[in-house]
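K.L.:
This structure is in structure tokens; I'll ask about it shortly.
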Amino acid sequence: MASSSAAASSSRLPQSAYNPRRHVGVHAERVSDVSSTEYPGHYPGEDHSWDLAKFRENLKVEVKRLSQRSVEFDLVGVDASIANAFRRIMIAEIPTIATEHVYVWNNTSVIHDEVLAHRIGLVPLNVPPGMFKYRNPNGVPTDQDTIVFKLNVTCEVDKNTSKEKGAPRKLIHEEVLSGDLEWVPQGEQASVFTGDLPPPAPTNKNIVLAKLRPGQEIDMDLHAIKGVGKDHAKWSPVATASYRLHPLVILNPSKPIPPHLAQKFANCFSPGVVQVGKGGRVSIDERNLRKESMSREVLRHKEFEGSVELKRIRDWFIFTVESEGPYAPQDLFPESIRVMREKIANIRHAAEALLADVDGAPGAVAADGDVEMGGV
């Protein structure tokens, strides 16, 4: 993560951000200059062949905000298809551990077994997925692919409650919380989860699962296994993963904002984006441009027509990711890169196998790993 001094020096937009080729126009009722070709960023009569050095020069990943559960970072220099691939992988293909099998021994609450099981399955667990294998659907559960929890809660009246007339009645276990899930170690798991590695438990122990009245009981065994979000949302490691294109507001120097309308003009944008100086001089604060909501309010006023252009930078993505599982928020993007690399490797191996079977002529693999078609 960049230091505060580095962040201050990079608060202004680079000059390349004003390159018209990188802009998507935002108008009152439409957008313009949206790339719809099979090769975005390519122009006729120019050499746009792949250049790794140029790609490295344009690529930038910078964390802008980091908290315990969320991160905001900029991904610059890639096509929308790549940015969206990372977003979809973070939502649906990074593995986590979640409750899959629920064995109900007793449930006298008002919540049906299936509904309660579904609620429990959505409780995020703090178990590192890398420590476990995917469970074989037809195999026997082992300590290497299954985490076992027990939920045994009975609601009863607190015997220490005052017996005076009109005194409120206190109940024990009136609410069943996620913190009531008790981990039951299997095999060698007790020796693994020691020291700095906390025992398996919900990441939030205050999630209400059910409410009970005196005499009602819930007794269940829960088996949590490894999975991915594309199979069920309970395995998704994020609460949300989204991006937006970096806003850009460009003033027209040939038609400046009249001083008596400067404050009205500033009020059309998010706070801090437009600065009003002495004499009603209007300027754009590039440090706060990322806060602009692009509401297009300024385009509703005819007096500002032709004085300003609203744009977005097509290859500058502002990601917002909220973690709800065992991953720290700053680890989710590197994990999505790892998953994408595995998918690319699988495609490469499949292509090599396909070429090896074409007319009995095996495909040669170049030094850089690319498959050469050879005489096929």
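K.L.:
Take the chain, drop everything but the C-alpha atoms, weight them equally and run the Debye formula without solvent; then report log10 I(q)/I(0) at 0.07, 0.08, 0.10, 0.11 Å⁻¹ to two decimals.
P.N.:
-0.53, -0.67, -0.89, -0.98
K.L.:
Could I ask something else about it? Rank by packing, highest mean first: peptides 189-195, 152-158, with packing defined as the count of other Cβ atoms within 10 Å averaged across residues.
P.N.:
The densest-packed peptide leads the list: 152-158, 189-195.
K.L.:
Relative contact order for the chain: what percent, with Cα pairs under 8 Å and sequence separation of 6 or more? Numbers along the way, then the final one.
P.N.:
Details: 654 pairs, mean separation 88.6, N = 376.
Contact order relative to length: 24 percent.
K.L.:
Averaged over all directions, how much area does the convex hull of the C-alpha atoms of region 96-235 cover when projected, in nm²?
P.N.:
10.2 nm²
K.L.:
I want to check the label-to-label distance for Asn58 and Asp221. Put each point 7 Å from Cα in the C-beta direction and report it in nm to one decimal.
P.N.:
5.8 nm
K.L.:
By how many degrees, between 0 and 90 and to the nearest 10, does the Cα long axis of helix 329-356 differ from the longest principal axis of the chain?
P.N.:
Between the helix axis and the principal axis of the chain, the angle is about 80 degrees.
K.L.:
So how far apart, in nm, are the two label points at Glu286 and Glu175 if each is 7 Å from Cα heading toward Cβ?
P.N.:
With each label placed 7 Å out from Cα toward Cβ, I get 5.0 nm.
K.L.:
What FRET efficiency comes out for the pair Tyr43/Lys278, r = Cβ-Cβ distance, R0 = 56 Å, nearest 0.05?
P.N.:
According to the calculation, E is roughly 0.80.
K.L.:
If you don't mind, there's one more thing I want to ask. What does the extension gain come out to for Val192 and Ser254, with contour length at 0.36 nm per residue minus their alpha carbon separation?
P.N.:
15.4 nm
K.L.:
Related question: Most mobile of Phe132, Phe73, Phe304 per a Gaussian network model of the chain (Cα springs, under 10 Å)?
P.N.:
It is Phe304.
K.L.:
Could you please rank Ile257, Ile225, placing first whichever residue has the fewest other Cβ atoms within 10 Å of its Cβ?
P.N.:
Least to most surrounded, the residues fall as Ile225, Ile257.
K.L.:
Roughly how many whole Å is it from the C-alpha centroid of region 53-96 to that of region 327-344?
P.N.:
Between the Cα centre of region 53-96 and that of region 327-344, the gap is 9 Å.
K.L.:
For region 108-160 and region 228-307, what is the separation of their Cα centres, given in Å?
P.N.:
One Cα centre to the other: 46 Å.
K.L.:
In terms of Cα to Cα distance under 14 Å, which aspartates and glutamates are near enough to Lys291, apart from those fewer than 8 places away along the same chain?
P.N.:
List returned: Glu72, Asp74.
K.L.:
Can I ask one more? Return Ser254, Ser283 ranked ascending by Cβ neighbour count within 10 Å, so the fewest neighbours appear first.
P.N.:
On the way: Ser254 7, Ser283 11.
Listed from fewest to most nearby Cβ atoms, that is Ser254, Ser283.
K.L.:
Taking a threshold of 18 Å on the Cα-Cα distance, which of the pairs Lys60/Lys343; Lys205/Lys230; Lys150/Lys205; Lys159/Lys205; Lys264/Lys302; Lys255/Lys302 fall above it?
P.N.:
Values: Lys60/Lys343 23 Å; Lys205/Lys230 26 Å; Lys150/Lys205 15 Å; Lys159/Lys205 26 Å; Lys264/Lys302 12 Å; Lys255/Lys302 13 Å.
Violating the 18 Å limit, Cα to Cα: Lys60/Lys343; Lys205/Lys230; Lys159/Lys205.
K.L.:
Just from its helices, what would the mean residue ellipticity at 222 nm be for the chain, if runs of 4 or more DSSP H residues each count -39500 (n - 2.57) and the sum is divided by every residue, rounded to the nearest 500 deg cm²/dmol?
P.N.:
Theoretical 222 nm ellipticity from helices: -5500 deg cm²/dmol.
Values quoted throughout were computed directly from the atomic coordinates according to the rules given, and no laboratory measurement underlies them. Values in this document were obtained by computation on a predicted structure and should not be read as measured data. In this analysis, Cβ positions are derived from the backbone assuming ideal geometry, glycine residues included, and neighbour counts consider all displayed protein chains.
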